[in-house]
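In what follows, a single structure is set out as C-alpha cells and then discussed.
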Amino acid sequence: MSETGTADHLVESTASAAIEWAVSEFGADLTLLCSGQDAVLVDLEMKIDATLELAFIDTGFHFNETIETMLAIVERYQPKLRIVVPWRHLDGVGKPGFCCSDHKVEQLDHALDGKRAWLSGLRRTDGPSRSHARQVETDRRGLTKINPIVAWTDADVAEYEQRHDIIVNPLRAQGYPSIGCAPCTSPIRSRRDPRSGRWTGSDKTECGLHL
Ligand code: SF4
C-alpha cells in the first residue's frame, strides 16, 4: 500500500489485506458505505474491526427489500451505524442529475464529513462504467476510497456468500443484480451489463457516488 494513504497505488491486495491496511491507516477516520444490496463487504470488514462505522444513505426511495436487508445486517452485525437522510425527499424524484445529486452525492458528503477514507463494495464487473476501477483511489473530495473487492467476479461473490451465509437482498434473485432506488431500478436487460436495469431509458449509468 502507499505510504501516505492518499495516493493511488498500483499493487492490488486480497480484500482482507486491503481492509486491514485501511483500518490500520485510518482508524476511526474510516467509514464503510453500505447500499443494502448484500453484506459481503460488511462481513469481511466486521471480521477485522467490529467497531468501524457503517454509513447508509436513506434516499427515501429504497425498495422495502433494501430496508429489510439493512435491518437484517444491523441485527446480525450490530455495527456503529450512521444513517444519512436528505431533507428534500419530494423534489425532482428520478430526474437525472438533480435527484441523485441531492439525495445521494450530497448525503455521502455528509456521511464522510470528518473522515479521511471510505470503503466501498464497487467491483469492476458491476458494469462497463466501472471496468477500470482500482482498489485504492482518491475521490473528488481528496479522500482515499478503498474498493477491497474490486477484482472479485460474480462467482467469487457467490462463493463467499454461500460459504459465510451472507445476508443478500432478495431482489438479487429476482433479476436485480444492481439495486438502487425503486423509481430508477428495473430488472436487468442485458446479462453483459449488470447495471443495465438502472435508469433505463436514459443514458445515465452512475448516480455519482463513485465518480
Ligand atoms: S437513483 Fe433515482 S430516485 Fe434515487 S436519488 Fe438517483 S434519481 Fe433519485
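List of remarks:
- Entry note, the chain: relative contact order of 24 percent, from Cα contacts under 8 Å with a spacing of 6+ residues.
- Anisotropy class of region 46-166 from Cα gyration tensor, a/c 1.5 cut: rounded
- Cys residues of the chain counted as unpaired, since no other Cys beta-carbon is under 4.7 Å: Cys34, Cys99, Cys181, Cys184
- Using a probe of 1.4 angstrom and keeping all protein chains present, the accessible surface of the chain works out to 48 square angstrom per residue.
- Anchor Lys80: lysines whose Cα lies under 21 Å away (excluding residues fewer than 8 positions away in-chain): Lys47, Lys104, Lys115, Lys145
- For the chain, with all protein chains in place and a probe radius of 1.4 Å, 51% of the accessible heavy-atom surface sits on carbon or sulfur.
- Across the alpha-carbon set of the chain, the Rg to Rh ratio works out to 0.93, Rh being the Kirkwood radius.
The values are calculated or read from the model by the stated rules, or taken from the named source; none is laboratory data. Just so we're clear, the structure is a prediction, and the values are computed from it rather than from any experiment. When we count neighbours, we look across all protein chains shown, and the Cβ atoms used for this are built from the backbone with ideal geometry, even at glycine. Remember, those area values only see protein heavy atoms, side chains included, never the ligands or the DNA or RNA. Shrake-Rupley method; radii C 1.70, N 1.55, O 1.52, S 1.80 Å.
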